[in-house]
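One structure is given below, encoded as structure tokens.
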Amino acid sequence: MSADTSLELAPDVHLIRRLPDRGGAERIAANALLIRRPGDVLLVDTGAAPDRAGWWRQVEELVDPDDVRWIFVSHEDADHIGNLADAVARCPHATLVATRHIAERLAATGALPPRRCRWLDDGERAVLGAHEVVALRPPAYDAPTTRGLYDVRSKVYWAADCFGLAVPHPVDDVSQLDREVWADGALRFGLLLSPWVTQVDPGRWRRSGARVAALDLHALAGAHGPQVRRRGIDHALDLLTELPDHPAVVPDRAERWDR
């Protein structure tokens, strides 16, 4: 149950984990995902820059960077593209999979060289080498460019920031937490991530969650929380449905929400 080692979610699908300890009572992960098929590797997000060496160590324990053929960018927040420029250089055969909107927002940084990009927008299905995927925006997000990614073969959905929560100690699966800790953490994180949810029509909000519920899911994975296995997915979706019914959360200045 180490936060410094990758975790296999399904055959050849690995969560690249980082759970920084900033000295507070709770910790928030900054994960990425790696899907490995023979000679054809897909990276989903590239983690946060402060732990670059640790991130690459986990990746290279699983694959050779020369075998990375695809790098999916869920959105342009720093804790999701922290090692993107480095990955572009170290994975010379990789095509970057993103939306034009992300590319426009990152144009000044040069992080997404257009000649190496392939566009994939919300609701679109694509075959990326050995990977069949569907881009699907998660219900909760903090960047308008956000897209999640569903891997058809493994039935694992990368939800970007959605379904995150702070944890009091490292866990491999959200079911290892007390149910109240899970519920309180998920609701608080969701309201901090997407404060606009309290202004959303409840019917429309439920429909956004239904898009995820309609997937044939083996596991939910995201950047900022433990994985959710099949037996916990209904509960995770129920907690998400509750968000509009709760008052907005104002972060305490003393809290440390470091990623």
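Key figures for this structure:
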| read-out | value |
| --- | --- |
| Matching residues, the stretch 35-80, being closer than 20 Å to Glu124 by Cβ and polar (S, T, N, Q) | Ser74 |
| Residue satisfying condition, being basic (Lys, Arg) and touching a Gly at 6+ places or on another chain (Cβ under 9 Å), within set Arg147, Arg211, Arg188 | Arg211 |
| Answer from Leu33, Leu96, Leu112, Leu7 - the residue that is open to solvent by less than 30 Å² (accessible area, probe 1.4 Å), modelled with pLDDT of 95 or more and in contact with a helix residue (DSSP H, G or I) (Cβ under 6 Å, 6 or more places away or on another chain) | Leu96 |
| Hey, Arg18 open to solvent by less than 40 Å² (accessible area, probe 1.4 Å), within 16 Å of Gly82 (Cβ to Cβ) and not aliphatic (A, V, I, L, M) or not | yes |
| Single unsatisfied condition, Leu237 versus (1) open to solvent by 10 Å² or more (accessible area, probe 1.4 Å); (2) modelled with pLDDT under 95 | (2) |
| Residues located in the stretch 81-104, provided they are outside any helix (DSSP H, G or I) and either of a type outside the set (Ser, Thr, Tyr) or over 19 Å from Gly123 (Cα atoms) (or both) | Gly82, Asn83, Cys91, Pro92, His93, Ala94, Thr95, Leu96, Val97, Ala98 |
| Hey, Ala30 in contact with an Asp or Glu (Cβ under 6 Å, 6 or more places away or on another chain) and in contact (Cβ under 8 Å) with a residue 60 or more places away in the chain or not | yes |
| Qualifying residue in the stretch 116-127 (condition: buried (at least 23 other Cβ atoms within 10 Å of the Cβ) and charged (D, E, K, R)) | no |
| Strands (runs of 3 or more DSSP E) wholly inside the stretch 131-198 containing at least 1 residues that are of a type in the set (Asp, Glu), in contact (Cβ under 8 Å) with a residue 40 or more places away in the chain and buried (at least 17 other Cβ atoms within 10 Å of the Cβ) | 148-151 |
| Some residue of the stretch 66-76 being more than 15 Å from the chain's Cα centre (by Cα) and not in a strand (DSSP E or B) | yes |
| Subset of the stretch 37-73 that is closer than 17 Å to Thr5 by Cβ and of a type in the set (Asp, Glu) - its residue that is surrounded by the most Cβ atoms within 10 Å (Cβ to Cβ) | Asp51 |
| Counted residues, the stretch 144-186 - those being among the polar types (S, T, N, Q) and within 12 Å of the chain's Cα centre (by Cα) | 1 |
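The values are calculated or read from the model by the stated rules, or taken from the named source; none is laboratory data. Every value quoted in this text rests on a predicted model; they were computed, and no experiment measured them. Neighbour counts are summed over all protein chains in view; Cβ atoms, including those assigned to glycine, are modelled from backbone coordinates with ideal geometry. When the accessible area is computed, the model is the full protein with side chains, heavy atoms only, and any ligands, DNA or RNA have been set aside. Shrake-Rupley method; radii C 1.70, N 1.55, O 1.52, S 1.80 Å.
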